Amino acid sequence: MKVCLLTVGLIAMTGVCQAATFEMQSRDGSNFTLETSDEVVSMKTTEFDLCGENVGAVAKVKLWMPGHNHGSTPVQMGDVSEGCRRLTRVNFSMPGDWEVRLELSGGDAGAFEVPVERQ
């Protein structure tokens, strides 16, 4: 959960911000979530947490823009907690509809559909 500070004139208020969260089920039935602390995914978004029951089997993460038939630079993965991995160096090179594709050991795979805004 992300806490935001909103300043209106001289009054500051705190509230809970909505994080951008995506859900996906792989071909073999493993459930995953992809979340960033940003309210919307934009070209400035560079980190996500990837969580799931089989996250340890994720061998590769690839960014792909199907509408333009191209990808982006490689994403780096690191462990963040039990059942979650931190994706860093995420580089959405342009706004539009992207896929965050997962390749898992054993031949399983899946993809998150992620709309990216310019911001």
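The values are calculated or read from the model by the stated rules, or taken from the named source; none is laboratory data. Here the structure is a predicted model, which is why all the values come from computation and not from measurement. Heads up, the Cβs are rebuilt from the backbone with ideal geometry, glycines too, and the neighbour counts pull from every protein chain shown.
Among the residues of region 32-87, just one is β-branched (Val, Ile, Thr), in a strand (DSSP E or B) and at pLDDT below 95, namely Val80.
Picking from residues in region 100-119 that are charged (D, E, K, R) and within 10 Å of Val61 (Cα to Cα), the one that is surrounded by the fewest Cβ atoms within 10 Å (Cβ to Cβ) is Glu103. For region 88-109, the candidate set comprises residues that are assigned to a strand (DSSP E or B) and among the acidic types (Asp, Glu); within that set, the residue that is nearest to Ser42 (Cα to Cα) is Asp97.
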